[in-house]
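Read the structure below first, then the notes.
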Amino acid sequence: MTETAREYIDFWVENSVHAAEQFRTPGATQDVEELVRRLIAGAGGQGITEEAMRDEVGDIADYIREKLKAANKAEGGRQQ
């Protein structure tokens, strides 16, 4: 069964976009370009094209950047 681009993006973001390494989380990164590369590579392995992902979320880097901001904000609120 082939996942849709949106399903893959949502799954990937949930499992790969994390708040800043406040507790030395292995693999957590705030490098948007690295995250974009990982997303595109993983999606390609599932037969999902970069174009299909862009059709779903627009600019992929902007989308990931916003998800990182949200994760960091949520973590900051949890720490207070």
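Read the figures in this text as sums done on the coordinates, not as results from a lab. Because the structure is predicted, anything quoted here is derived from the model rather than measured.
Summary table
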| read-out | value |
| --- | --- |
| Residue-wise HN-Hα coupling along region 60-69, computed from phi with Karplus coefficients 6.51, -1.76, 1.60 (Hz; x: Gly, Pro) | 5, 4, 4, 4, 5, 4, 5, 5, 5, 4 |
| For region 7-18, Karplus couplings with θ = phi - 60° (6.51, -1.76, 1.60), whole Hz, Gly/Pro x | 4, 5, 4, 4, 4, 5, 4, 4, 9, 10, 9, 10 |
